[in-house]
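Single-structure report; data block below.
The values are calculated or read from the model by the stated rules, or taken from the named source; none is laboratory data. Remember, predicted model here, so these are calculated numbers, not experimental data. Note that we place each Cβ from the backbone using ideal geometry, even for glycine, and neighbour counts take in every protein chain shown. We work out accessible area using only protein heavy atoms, side chains counted, and drop any ligands, DNA or RNA first. Shrake-Rupley method; radii C 1.70, N 1.55, O 1.52, S 1.80 Å.
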Amino acid sequence: MSEMTTPIEMKKKMSYVALVTILICVLVSLFLFSIVSGRFDLGVGEVVRILLSRVFPLTPTWEALAETVIFQIRLPRIFAAMLIGAALATSGATYQGLFRNPMVSPDFLGVTSGASIGAALAIIMELPFSMVQIFAFFGGILATLITTSIPKMLRNQSNIVLVLSGIVVTGLFRSIMSVIRYLADAQTALASIVFWQMGSLSSVSPNEVMTVSLPMTISLIVLIRLAWWINIMSLGEVQSTLLGVNFKRYRRVGILCSTALAVLSVCIAGEVGWVGLAVPHLSRLMVGVDNKKVIPVCALLGAIFLLIVDTLARTLTTAEIPLGVLTGVVGAPVFIFLLYRQKTRLQ
(Lines give C-alpha, C1' and ligand atoms only; values in the text may rest on other atoms or scores of the structure.)
Protein backbone atom coordinates (compact mmCIF):
# COMPACT_ATOMS: atom_id res chain seq x y z
CA MET A 1 0.00 0.00 0.00
CA SER A 2 2.81 2.39 0.91
CA GLU A 3 4.52 1.69 -2.42
CA MET A 4 1.36 2.81 -4.23
CA THR A 5 0.85 6.01 -2.22
CA THR A 6 4.46 7.18 -2.09
CA PRO A 7 4.62 8.34 -5.75
CA ILE A 8 1.36 10.23 -5.25
CA GLU A 9 2.72 11.94 -2.15
CA MET A 10 5.93 12.79 -3.97
CA LYS A 11 3.95 14.27 -6.87
CA LYS A 12 1.89 16.41 -4.49
CA LYS A 13 5.03 17.57 -2.72
CA MET A 14 6.69 18.46 -6.03
CA SER A 15 3.61 20.39 -7.21
CA TYR A 16 3.56 22.29 -3.91
CA VAL A 17 7.26 23.12 -4.19
CA ALA A 18 6.71 24.21 -7.80
CA LEU A 19 3.84 26.48 -6.74
CA VAL A 20 5.90 28.08 -3.96
CA THR A 21 8.80 28.58 -6.39
CA ILE A 22 6.50 30.25 -8.92
CA LEU A 23 5.02 32.53 -6.26
CA ILE A 24 8.49 33.57 -5.08
CA CYS A 25 9.51 34.36 -8.67
CA VAL A 26 6.33 36.41 -9.15
CA LEU A 27 6.99 38.29 -5.92
CA VAL A 28 10.59 39.10 -6.92
CA SER A 29 9.42 40.28 -10.37
CA LEU A 30 6.75 42.49 -8.82
CA PHE A 31 9.33 43.81 -6.36
CA LEU A 32 11.54 45.03 -9.22
CA PHE A 33 8.56 46.34 -11.18
CA SER A 34 7.32 48.28 -8.17
CA ILE A 35 10.72 49.90 -7.58
CA VAL A 36 10.93 51.25 -11.13
CA SER A 37 7.26 52.33 -11.21
CA GLY A 38 6.35 55.83 -10.16
CA ARG A 39 6.47 59.48 -11.09
CA PHE A 40 10.27 59.51 -10.87
CA ASP A 41 11.49 57.39 -13.80
CA LEU A 42 14.03 54.68 -13.01
CA GLY A 43 15.42 51.90 -15.20
CA VAL A 44 15.78 48.31 -14.03
CA GLY A 45 19.52 48.34 -14.65
CA GLU A 46 19.91 51.60 -12.76
CA VAL A 47 17.92 50.25 -9.82
CA VAL A 48 20.00 47.07 -9.70
CA ARG A 49 23.24 49.08 -9.71
CA ILE A 50 21.98 51.36 -6.94
CA LEU A 51 20.96 48.37 -4.81
CA LEU A 52 24.30 46.62 -5.41
CA SER A 53 26.16 49.81 -4.48
CA ARG A 54 25.19 49.16 -0.86
CA VAL A 55 27.11 45.87 -1.01
CA PHE A 56 29.85 46.44 -3.58
CA PRO A 57 32.02 49.57 -4.13
CA LEU A 58 30.44 50.72 -7.41
CA THR A 59 31.17 54.11 -8.95
CA PRO A 60 27.94 56.17 -8.93
CA THR A 61 26.57 56.80 -12.43
CA TRP A 62 23.16 57.93 -11.24
CA GLU A 63 21.60 61.01 -9.69
CA ALA A 64 21.66 61.38 -5.93
CA LEU A 65 17.88 61.92 -6.06
CA ALA A 66 17.42 58.45 -7.54
CA GLU A 67 19.16 56.88 -4.54
CA THR A 68 17.00 58.90 -2.16
CA VAL A 69 13.81 57.86 -3.95
CA ILE A 70 14.74 54.18 -3.76
CA PHE A 71 16.01 53.92 -0.20
CA GLN A 72 13.87 56.53 1.56
CA ILE A 73 10.56 56.26 -0.29
CA ARG A 74 10.00 53.20 -2.45
CA LEU A 75 11.88 50.43 -0.65
CA PRO A 76 10.30 51.11 2.77
CA ARG A 77 6.88 51.25 1.17
CA ILE A 78 7.43 48.07 -0.85
CA PHE A 79 8.73 46.13 2.14
CA ALA A 80 5.82 47.40 4.23
CA ALA A 81 3.29 46.32 1.59
CA MET A 82 4.78 42.82 1.34
CA LEU A 83 5.06 42.42 5.10
CA ILE A 84 1.55 43.69 5.83
CA GLY A 85 0.03 41.62 3.02
CA ALA A 86 1.72 38.47 4.32
CA ALA A 87 0.74 39.32 7.90
CA LEU A 88 -2.96 39.95 7.21
CA ALA A 89 -3.32 36.87 4.98
CA THR A 90 -1.57 34.61 7.50
CA SER A 91 -3.59 36.08 10.35
CA GLY A 92 -6.82 35.42 8.45
CA ALA A 93 -5.88 31.83 7.60
CA THR A 94 -4.95 31.15 11.23
CA TYR A 95 -8.18 32.62 12.60
CA GLN A 96 -10.24 30.64 10.10
CA GLY A 97 -8.44 27.43 11.04
CA LEU A 98 -8.62 27.98 14.80
CA PHE A 99 -12.30 28.94 14.84
CA ARG A 100 -13.38 26.63 12.02
CA ASN A 101 -15.13 29.53 10.33
CA PRO A 102 -14.17 30.47 6.74
CA MET A 103 -15.77 33.91 7.12
CA VAL A 104 -13.52 35.05 9.98
CA SER A 105 -11.03 37.84 9.19
CA PRO A 106 -8.16 39.47 11.17
CA ASP A 107 -10.36 42.23 12.52
CA PHE A 108 -13.10 40.03 13.98
CA LEU A 109 -11.74 40.36 17.57
CA GLY A 110 -12.29 44.11 17.33
CA VAL A 111 -8.65 44.83 16.42
CA THR A 112 -9.41 47.24 13.59
CA SER A 113 -12.18 49.05 15.46
CA GLY A 114 -10.04 49.52 18.58
CA ALA A 115 -7.07 50.71 16.54
CA SER A 116 -9.30 53.18 14.69
CA ILE A 117 -10.49 54.72 17.95
CA GLY A 118 -6.92 55.02 19.24
CA ALA A 119 -5.76 56.66 16.03
CA ALA A 120 -8.77 58.98 15.94
CA LEU A 121 -8.11 60.19 19.49
CA ALA A 122 -4.47 60.93 18.62
CA ILE A 123 -5.53 62.82 15.48
CA ILE A 124 -8.05 64.91 17.42
CA MET A 125 -5.35 65.80 19.95
CA GLU A 126 -3.14 66.85 16.98
CA LEU A 127 -0.35 64.47 17.97
CA PRO A 128 2.43 63.53 15.49
CA PHE A 129 1.98 60.52 13.21
CA SER A 130 4.24 58.33 15.35
CA MET A 131 1.87 58.88 18.29
CA VAL A 132 -1.10 58.06 16.06
CA GLN A 133 0.49 54.66 15.45
CA ILE A 134 1.15 54.12 19.16
CA PHE A 135 -2.42 55.06 20.08
CA ALA A 136 -3.70 52.75 17.34
CA PHE A 137 -1.56 49.90 18.68
CA PHE A 138 -2.88 50.21 22.23
CA GLY A 139 -6.43 50.70 20.96
CA GLY A 140 -6.24 47.41 19.06
CA ILE A 141 -4.74 45.62 22.07
CA LEU A 142 -7.45 47.04 24.36
CA ALA A 143 -10.21 45.83 22.05
CA THR A 144 -8.66 42.36 21.90
CA LEU A 145 -8.35 42.19 25.70
CA ILE A 146 -12.01 43.15 26.12
CA THR A 147 -13.11 40.57 23.55
CA THR A 148 -11.10 37.75 25.12
CA SER A 149 -12.20 38.75 28.64
CA ILE A 150 -15.94 38.40 27.94
CA PRO A 151 -15.82 34.56 27.57
CA LYS A 152 -13.85 34.37 30.84
CA MET A 153 -16.48 36.47 32.60
CA LEU A 154 -19.22 34.23 31.21
CA ARG A 155 -17.17 31.11 32.09
CA ASN A 156 -17.68 29.84 28.58
CA GLN A 157 -14.57 29.95 26.40
CA SER A 158 -16.00 28.19 23.37
CA ASN A 159 -15.26 29.42 19.86
CA ILE A 160 -18.86 30.56 19.35
CA VAL A 161 -18.85 32.77 22.45
CA LEU A 162 -15.50 34.30 21.45
CA VAL A 163 -16.74 35.08 17.94
CA LEU A 164 -19.93 36.63 19.34
CA SER A 165 -17.84 38.67 21.77
CA GLY A 166 -15.81 39.97 18.85
CA ILE A 167 -18.98 40.99 17.01
CA VAL A 168 -20.31 42.81 20.09
CA VAL A 169 -17.04 44.65 20.77
CA THR A 170 -16.64 45.58 17.11
CA GLY A 171 -20.17 47.01 17.04
CA LEU A 172 -19.60 48.95 20.25
CA PHE A 173 -16.28 50.41 19.10
CA ARG A 174 -17.70 51.37 15.72
CA SER A 175 -20.48 53.26 17.49
CA ILE A 176 -17.89 55.09 19.58
CA MET A 177 -15.97 55.81 16.39
CA SER A 178 -19.07 57.35 14.84
CA VAL A 179 -19.39 59.68 17.84
CA ILE A 180 -15.72 60.69 17.53
CA ARG A 181 -16.14 61.44 13.83
CA TYR A 182 -19.28 63.46 14.57
CA LEU A 183 -17.44 65.58 17.14
CA ALA A 184 -14.23 65.97 15.10
CA ASP A 185 -13.44 69.24 13.35
CA ALA A 186 -14.69 68.87 9.78
CA GLN A 187 -11.91 71.07 8.40
CA THR A 188 -8.94 69.28 9.96
CA ALA A 189 -9.28 66.17 12.11
CA LEU A 190 -12.24 64.56 10.30
CA ALA A 191 -10.44 64.39 6.94
CA SER A 192 -7.35 62.83 8.56
CA ILE A 193 -9.46 60.25 10.42
CA VAL A 194 -11.34 59.25 7.27
CA PHE A 195 -8.12 58.99 5.23
CA TRP A 196 -6.47 56.87 7.94
CA GLN A 197 -9.48 54.54 8.04
CA MET A 198 -9.20 54.06 4.28
CA GLY A 199 -5.64 52.78 4.63
CA SER A 200 -2.43 54.10 3.09
CA LEU A 201 1.33 53.53 3.01
CA SER A 202 2.16 57.02 1.76
CA SER A 203 3.66 58.12 5.08
CA VAL A 204 5.59 54.97 5.99
CA SER A 205 9.26 55.51 6.89
CA PRO A 206 12.28 53.17 7.07
CA ASN A 207 12.30 53.40 10.88
CA GLU A 208 8.65 52.36 11.10
CA VAL A 209 9.25 49.36 8.87
CA MET A 210 12.28 48.33 10.94
CA THR A 211 10.29 48.70 14.16
CA VAL A 212 7.50 46.32 13.14
CA SER A 213 9.48 43.92 10.95
CA LEU A 214 11.01 41.88 13.80
CA PRO A 215 7.81 41.19 15.82
CA MET A 216 5.85 40.55 12.62
CA THR A 217 8.48 38.15 11.28
CA ILE A 218 8.60 36.27 14.59
CA SER A 219 4.80 36.00 14.63
CA LEU A 220 4.78 34.73 11.04
CA ILE A 221 7.39 32.07 11.83
CA VAL A 222 5.49 30.94 14.94
CA LEU A 223 2.24 30.55 12.97
CA ILE A 224 3.99 28.62 10.20
CA ARG A 225 5.45 26.29 12.84
CA LEU A 226 1.99 26.03 14.45
CA ALA A 227 0.29 25.00 11.20
CA TRP A 228 0.27 21.26 11.94
CA TRP A 229 -1.32 21.87 15.35
CA ILE A 230 -3.95 24.10 13.71
CA ASN A 231 -4.90 21.12 11.54
CA ILE A 232 -5.53 19.10 14.69
CA MET A 233 -7.37 21.94 16.46
CA SER A 234 -9.69 22.35 13.47
CA LEU A 235 -11.23 19.03 14.55
CA GLY A 236 -12.58 20.73 17.68
CA GLU A 237 -11.57 20.96 21.32
CA VAL A 238 -12.80 17.50 22.30
CA GLN A 239 -11.09 15.66 19.45
CA SER A 240 -7.89 17.69 19.87
CA THR A 241 -7.74 16.89 23.59
CA LEU A 242 -8.29 13.19 22.90
CA LEU A 243 -5.33 13.31 20.49
CA GLY A 244 -3.14 14.77 23.23
CA VAL A 245 -3.11 18.40 22.07
CA ASN A 246 -3.16 21.19 24.65
CA PHE A 247 -6.00 22.96 22.85
CA LYS A 248 -6.24 26.07 25.02
CA ARG A 249 -2.50 26.75 25.02
CA TYR A 250 -2.04 26.41 21.26
CA ARG A 251 -5.20 28.38 20.55
CA ARG A 252 -3.93 31.14 22.85
CA VAL A 253 -0.59 31.25 21.03
CA GLY A 254 -2.33 31.32 17.64
CA ILE A 255 -4.69 34.13 18.68
CA LEU A 256 -1.82 36.13 20.21
CA CYS A 257 0.38 35.95 17.11
CA SER A 258 -2.51 36.54 14.69
CA THR A 259 -3.70 39.54 16.69
CA ALA A 260 -0.16 40.95 16.87
CA LEU A 261 0.09 40.73 13.08
CA ALA A 262 -3.26 42.48 12.62
CA VAL A 263 -2.53 45.23 15.17
CA LEU A 264 0.94 46.01 13.80
CA SER A 265 -0.44 46.08 10.25
CA VAL A 266 -3.16 48.56 11.22
CA CYS A 267 -0.60 50.75 13.01
CA ILE A 268 1.46 51.15 9.84
CA ALA A 269 -1.15 51.11 7.06
CA GLY A 270 -4.47 51.95 8.70
CA GLU A 271 -7.48 49.80 7.86
CA VAL A 272 -6.85 47.43 4.94
CA GLY A 273 -9.71 45.05 4.28
CA TRP A 274 -10.28 41.86 2.30
CA VAL A 275 -6.67 40.61 2.39
CA GLY A 276 -7.23 38.40 5.42
CA LEU A 277 -10.56 37.13 4.10
CA ALA A 278 -10.05 36.51 0.38
CA VAL A 279 -6.40 35.36 0.23
CA PRO A 280 -6.84 32.32 2.55
CA HIS A 281 -9.70 31.09 0.34
CA LEU A 282 -7.53 31.47 -2.75
CA SER A 283 -4.73 29.56 -1.03
CA ARG A 284 -7.04 26.67 -0.13
CA LEU A 285 -8.26 26.57 -3.71
CA MET A 286 -4.62 26.07 -4.79
CA VAL A 287 -3.26 23.65 -2.18
CA GLY A 288 -6.24 22.21 -0.30
CA VAL A 289 -7.06 22.51 3.40
CA ASP A 290 -3.74 21.43 4.93
CA ASN A 291 -2.57 24.46 6.94
CA LYS A 292 1.06 23.33 6.62
CA LYS A 293 0.70 24.33 2.97
CA VAL A 294 -2.04 26.95 3.23
CA ILE A 295 -0.25 29.30 5.65
CA PRO A 296 3.07 29.62 3.70
CA VAL A 297 1.16 30.05 0.43
CA CYS A 298 -1.07 32.61 2.17
CA ALA A 299 1.96 34.64 3.21
CA LEU A 300 3.29 34.73 -0.36
CA LEU A 301 -0.08 35.47 -1.97
CA GLY A 302 -0.83 38.17 0.59
CA ALA A 303 2.50 39.87 -0.11
CA ILE A 304 1.88 39.67 -3.86
CA PHE A 305 -1.69 40.95 -3.58
CA LEU A 306 -0.95 43.98 -1.42
CA LEU A 307 2.19 44.86 -3.40
CA ILE A 308 0.11 44.94 -6.59
CA VAL A 309 -2.60 47.03 -4.92
CA ASP A 310 -0.13 49.51 -3.40
CA THR A 311 1.70 49.91 -6.72
CA LEU A 312 -1.60 50.66 -8.42
CA ALA A 313 -2.58 53.04 -5.61
CA ARG A 314 0.43 55.28 -6.20
CA THR A 315 0.67 55.04 -9.99
CA LEU A 316 -2.87 54.91 -11.42
CA THR A 317 -3.66 58.60 -10.90
CA THR A 318 -1.87 61.79 -9.93
CA ALA A 319 -3.57 61.70 -6.53
CA GLU A 320 -2.90 58.57 -4.47
CA ILE A 321 -5.82 56.17 -4.07
CA PRO A 322 -6.37 54.82 -0.52
CA LEU A 323 -5.45 51.15 -0.09
CA GLY A 324 -8.79 50.25 1.44
CA VAL A 325 -10.62 51.45 -1.67
CA LEU A 326 -8.55 49.32 -4.03
CA THR A 327 -8.51 46.22 -1.83
CA GLY A 328 -12.30 46.43 -1.73
CA VAL A 329 -12.63 46.94 -5.48
CA VAL A 330 -10.25 44.06 -6.23
CA GLY A 331 -10.92 41.81 -3.25
CA ALA A 332 -14.73 41.68 -3.35
CA PRO A 333 -15.01 40.34 -6.95
CA VAL A 334 -12.16 37.88 -6.29
CA PHE A 335 -13.92 36.61 -3.16
CA ILE A 336 -17.22 36.20 -5.01
CA PHE A 337 -15.39 34.26 -7.74
CA LEU A 338 -13.74 32.01 -5.15
CA LEU A 339 -17.10 31.30 -3.49
CA TYR A 340 -18.53 30.42 -6.90
CA ARG A 341 -15.62 28.08 -7.66
CA GLN A 342 -15.97 26.34 -4.32
CA LYS A 343 -19.72 25.94 -4.86
CA THR A 344 -19.25 24.39 -8.30
CA ARG A 345 -16.58 22.02 -6.97
CA LEU A 346 -18.93 20.81 -4.22
CA GLN A 347 -21.81 20.14 -6.64
- Query: How much space per residue, in cubic angstrom, does the convex hull of the C-alpha atoms of the stretch 164-227 take up?
  - Reply: 132 Å³
- Query: Pairs of lysine in the chain with Cα under 17 Å and at least 8 positions apart or on different chains: total?
  - Reply: 7
- Task: Please say if the chain is rounded, prolate or oblate, where rounded means a/c under 1.5 for a ≥ b ≥ c the square roots of the C-alpha gyration tensor eigenvalues, and otherwise the choice is prolate for a/b larger than b/c and oblate otherwise?
- Result: oblate
- Query: Farthest toward the dipole's positive end in the chain, which of 58, 82, 336, given Cβ charges of +1 (Lys, Arg) and -1 (Asp, Glu) about the Cα centre?
  - Reply: 336
- Item | Percent carbon-and-sulfur accessible area, the chain, ignoring ligands, DNA and RNA, probe 1.4 Å | 68 percent
- Message: Rg over Rh of the stretch 86-125, using C-alpha atoms and the Kirkwood radius, what does it come to?
- Response: 1.15
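Would you mind working out the accessible area per residue for the stretch 224-347, using a 1.4 Å probe, and quoting it in Å²?
Computed with neighbouring chains in place, this is 45 Å² per residue.
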- Extension reserve of the residue 54-residue 18 stretch, reckoned as 0.36 nm per residue once the Cα distance is removed: 9.8 nm
- The distance between the Cα centres of the stretch 63-126 and the stretch 175-233, in whole Å, is 4 Å
- Task: Could you provide, to the nearest whole Å², the per residue accessible area of the stretch 133-218 with probe 1.4 Å?
- Result: 59 Å²
- Task: Only Cα pairs under 8 Å and at least 6 apart count here; give the relative contact order of the chain as a rounded whole percent.
- Result: 28 percent
